[in-house]
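Report on the following structure.
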Amino acid sequence: MRVYVPLTLPGLAEAHKTGELGAGPLAAYAVTPALREWYVSDDTEELEYAALGRAALASLRLLDAEPGAPRRRVVVAVDVPDRMTAVGPGQGPDPDAPGEVRVSGTVRLAKAAAVHVDAPEAETDVTAAARALAAADGGDDDAQAVVDGAEDHELLWFAPQEIASLLGSGV
């Protein structure tokens, strides 16, 4: 199963250093029955893009909790055996979040298919979005518009072998 693991740039640097995204359970996003129902599409690429978007939002939440991290969302796409994922009501970190899964066991960075990171130009909007999360979660429509503004920035795609240069370049 392809899962999308939300991180921050410091989290990616740590994964690069250790060779692991972490020992489970890890929060991630995938094409699940709940995501299919929420997104209402049969197109696999669209569903995977929706799962990536959910992970990007989770990365934004990590940024909110990690004020010293560069204000760029990071998502690692990694393939894991289905048996390592728990999907369904009560199984993910937030049972109301479509596509959310828990990945058990150690997830090796070597299994990554791609890394997705915001471009430096997104930093201002991502910073504002991270600050607006709490208000948006509380139902503030203006704050939600700010959070949605981060989604206007497409995450850049990097091959796993580009991680070292990605981290060294400051992107």
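Here are the numbers for this structure:
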| quantity | calculated |
| --- | --- |
| Matching entry among ALA13, ALA69 (being in a loop (DSSP other than H, G, I, E, B), in contact (Cβ under 8 Å) with a residue 24 or more places away in the chain and surrounded by fewer than 23 Cβ atoms within 10 Å (Cβ to Cβ)) | ALA69 |
| Residue match in the stretch 20-33 (condition: assigned to a helix (DSSP H, G or I) and surrounded by 20 or more Cβ atoms within 10 Å (Cβ to Cβ)) | no |
| Candidate set from the stretch 34-46 (those that are aliphatic (A, V, I, L, M) and surrounded by 19 or more Cβ atoms within 10 Å (Cβ to Cβ)); member that is nearest to ALA119 (Cα to Cα) | LEU35 |
| Among (1) over 16 Å from the mean Cα position of the chain (by Cα); (2) closer than 22 Å to VAL117 by Cβ; (3) of a type in the set (Val, Ile, Thr) - the single one THR8 does not satisfy | (1) |
| All positions within the stretch 112-126 that are part of a helix (DSSP H, G or I) and buried (at least 17 other Cβ atoms within 10 Å of the Cβ) | ALA122, ASP125, VAL126 |
| Which listed residue, of GLY139, GLY53, is in a loop (DSSP other than H, G, I, E, B) and closer than 25 Å to GLU37 by Cα | GLY139 |
| Some residue of the stretch 84-104 being surrounded by fewer than 16 Cβ atoms within 10 Å (Cβ to Cβ), at pLDDT below 95, of a type outside the set (Ser, Thr, Tyr) and part of a helix (DSSP H, G or I) | no |
| Test result for ASP64, closer than 20 Å to LEU12 by Cα, within 16 Å of the chain's Cα centre (by Cα), of a type outside the set (A, V, I, L, M) and surrounded by fewer than 18 Cβ atoms within 10 Å (Cβ to Cβ) | yes |
| Count of residues meeting criterion [assigned to a loop (DSSP other than H, G, I, E, B) and over 14 Å from the mean Cα position of the chain (by Cα)] in the stretch 72-83 | 2 |
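The values are calculated or read from the model by the stated rules, or taken from the named source; none is laboratory data. Note that the structure is a prediction, hence the values are computed from the model and not measured. Please note: Cβ atoms are built from the backbone with ideal geometry, for glycine as well, and neighbour counts cover all protein chains shown.
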